[in-house]
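The values are calculated or read from the model by the stated rules, or taken from the named source; none is laboratory data. Since the model is a prediction, treat every value here as computed from it, not as a measurement. Here the Cβ is made from the backbone with ideal geometry for all residues, glycine too, and neighbour counts use every protein chain on show.
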Amino acid sequence: MTTHTSLGAGREFDAIRAMLDVWGPRARGIGDDAAIVAVPAGEQLVVSTDTSVDNVHFRRTWISARDIGYRATMAALSDLAAMGARPLGVLLAMVVPEADRAALVEYAAGVGDAVADAETVIVGGDISAGATLSLGLTVLGAAARPLTRGGARHGDAIWVTGALGGPGAAVAAWEQGGEPSVACRARFARPCARVAAGQLLGAAGATATVDLSDGLVADLRHIAHASGVHATIALEHLPVLAGCTLRGAALSGEEYELVFTAGDGFDAQAFTTATGLPVTRIGHIDAGAPGVTVTEHGVRVEISGGHDHFSV
Ligand SMILES: [Mg+2]
């Protein structure tokens, strides 16, 4: 049963009531000064926060208010997936300019959609007036043995879930005044945090994980430095979304797929059967200096930079 503490009169409470109506059972225990969240015995609390800002992480001419709420929430939940944590709840802190007040329930509906898809609940939040629309999502999770970026070892293989390139291609199309394909648009507007897959990775033998937010090369660099190892990936082995390019797949950010390392014991077939998620072996780890090398048919190539949030 969903219970909330009674809210008083006033404009902010009216806004919260409107959001609670949209969320229904997806909001739990709202209205006290703070949320009370139980962490199961033997597990650790895993916490992350992520902010999506208008004209930095999205543009309102590209996607709907509901999509903006959805992707902001999935972006935050993706960090729990990377840690192998099960979501316990999310908190939403919104800055809403006056001109956006009418769309508030649409942003909230997108947050509710994502929370439902990730099988979690909204346990608190805050709304403030302000000049620029932003959605701050704090995510709470639990894991018995959280995964980190620091466990990759010499001899591990490098794997990635899903098919890459869509969000980068969508942003490029919009910035050139065009429209992305339906598939690329969906990968940007409605990304899917790999929450269930992340929870299976530890038992499946993953040694290090990161979620793909900055771009494959940039995020793999995080694992390489945290683990003190060198990563080499083969461009021609990257899983590419239809209509996208290999280089696009290497650089596209905000994919919210999982990149992970694992030893020989990792059974990709069993993982895919359990998660419904394709997984592709794209390279290997060795004991060289921390960093990332990209090859194409055995020849070293330069893939510059990583995803950067577009400039305003
Ligand atoms: Mg991350």
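Among residues that are surrounded by fewer than 23 Cβ atoms within 10 Å (Cβ to Cβ) and either under 20 Å from ALA197 (Cβ atoms) or among the β-branched types (Val, Ile, Thr) (or both), ASP286 is not included.
Selection of the range 58-83 for residues being buried (at least 22 other Cβ atoms within 10 Å of the Cβ) and assigned to a loop (DSSP other than H, G, I, E, B) yields only MET83. With respect to (1) outside any strand (DSSP E or B); (2) out of contact with any helix residue (DSSP H, G or I) (no Cβ under 8 Å at 6 or more places or on another chain); (3) away from the ligand (no atom under 14 Å from the Cβ); (4) within 20 Å of VAL56 (Cα to Cα), the lone exception for GLY136 is condition (1). When restricted to residues that are more than 16 Å from the ligand (Cβ to nearest atom), at pLDDT 95 or above, assigned to a strand (DSSP E or B) and not aliphatic (A, V, I, L, M), the range 42-57 contains 1. Screening GLY265 against (1) of a type outside the set (A, V, I, L, M); (2) assigned to a helix (DSSP H, G or I); (3) away from the ligand (no atom under 16 Å from the Cβ) leaves a single unmet condition, (2).
Of the listed requirements (1) part of a helix (DSSP H, G or I); (2) over 18 Å from VAL105 (Cβ atoms), PHE13 misses just one: (2). For the range 145-189, taking the residues that are closer than 16 Å to LEU212 by Cβ and among the basic types (Lys, Arg), the one that is surrounded by the most Cβ atoms within 10 Å (Cβ to Cβ) is identified as ARG187.
Scanning the range 69-84 for residues that are more than 9 Å from the ligand (Cβ to nearest atom) and charged (D, E, K, R) returns a single hit, ARG71.
The single residue among ALA270, ALA203, ALA262 that is within 23 Å of GLY150 (Cβ to Cβ) and surrounded by fewer than 19 Cβ atoms within 10 Å (Cβ to Cβ) turns out to be ALA203.
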